Amino acid sequence: MPDRRGAWTVVIPVKPPHLGKSRLDLPGIDRVELARAIALDTIEAAAEVARVVVVTADPMIGAPGVEVVLEPEPRGIAAAVTDGLAVAAHGRRAVLLGDLPGLRPDDLALALELAEDVRLGAVPDEERQGTTLVSAREGDLPAAFGPGSWQRHREAGFVELPVPVSSTMRRDVDRADHLVGTLGPRTSAVLRRVV
């Protein structure tokens, strides 16, 4: 896997876990602990291949080598993305959602490699409703996350990055039934506690 850590800065906005993943009510599982584990698995995988800037109001989110912009209070994903991009004001920049607990570093590395070929790139989720990653090789990065973001990104001129359908880049977690396949170590450890 090529070392892209110097080439790209990846901003990861993370909601505080008591606000995130509200649809992940699983019997016997602490939703706050699970939401934090999902975010940390995503962050640690991304940090293997890129400079990572995390924006969050959760003081317990972080990882070695990761820059954290701590919000005094959560202000929403758009504000978090803006704050993160301000830290990475120049060069190749991407925004990755913090809910890909099965993310493989190789899959992110491939997406960033593909992003080198377009000014604005994006990866849709499996259902092709949301977006898991947007990228800008140069210039502004007009991210527009939230419900129906895939269509908004296409309308804003983002080009779909041709990552494989099987890529872990497409597997964000919004509901309990999305917690399938190989997951990161923290997420797996939380789920193993269910008896």
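The values are calculated or read from the model by the stated rules, or taken from the named source; none is laboratory data. Quick caveat: nothing in here was measured; it's all calculated off a predicted structure. Because the Cβ atoms are built from the backbone with ideal geometry, glycine has one as well, and the counts that use them run over all protein chains shown. These area figures cover heavy atoms from the full protein model, side chains too; ligands, DNA and RNA do not enter into them. Shrake-Rupley method; radii C 1.70, N 1.55, O 1.52, S 1.80 Å.
Shape call for the stretch 71-145 from the C-alpha gyration tensor, a ≥ b ≥ c root eigenvalues: rounded (a/c under 1.5), prolate (a/b greater than b/c) or oblate?
Oblate.
With unit charges on the beta carbon (Lys/Arg positive, Asp/Glu negative), name the residue among P64, L179, A94 whose Cα is farthest towards the positive pole of the charge dipole of the chain.
L179
For a protection proxy built on the mean count of beta-carbon atoms within 10 angstrom, sort 128-141, 34-47 highest first, please.
Per-residue Cβ counts within 10 Å, averaged per peptide and sorted highest first, yield 34-47, 128-141.
What's the carbon and sulfur percent of the chain's accessible surface, probe 1.4 angstrom, rounded to a whole number?
So the carbon and sulfur contribution to the accessible surface is 53 percent.
Quick one, which of [x] 19.2; [y] 18.6; [z] 16.4 is the actual Kirkwood radius over Cα pairs in Å calculated for this model?
[z]
Explain nothing, just the number: relative contact order of the chain, from Cα pairs under 8 Å at least 6 residues apart, as a whole percent.
26 percent
Helix-only estimate, please: 222 nm mean residue ellipticity of the chain, summing -39500 (n - 2.57) across DSSP H runs of length 4 or more and dividing by its residues, to the nearest 500.
After summing the helix terms and dividing by residue count, I get -8500 deg cm²/dmol.
I'd like the accessible area for V165: 1.4 Å probe, protein heavy atoms, all chains in place, Å² to the nearest 10.
120 Å²
Are there chymotrypsin sites (Phe, Trp or Tyr not before Pro) in the stretch 104-188 that DSSP puts in a loop and that have at most 13 other Cβ atoms within 10 Å, and which ones?
none
Mind listing the long-range amide H neighbours of D172? Cut-off is under 5 Å, sequence gap 5 or more, other chains count too, H placed in the peptide plane at 1.01 Å from N.
E126
If you count only protein heavy atoms with a 1.4 Å probe, what accessible area per residue comes out for the chain, rounded to a whole Å²?
Normalised by residue count, the accessible surface of the chain is 46 Å².
Calculate how many DSSP beta bridges within the chain are antiparallel, expressed in % of all such bridges and rounded to the nearest 5.
Close to 35 percent.
Springs between alpha-carbon pairs under 10 angstrom, Gaussian network model over the chain: which of G84, G121, G181 fluctuates most?
Highest fluctuation among the options: G181.
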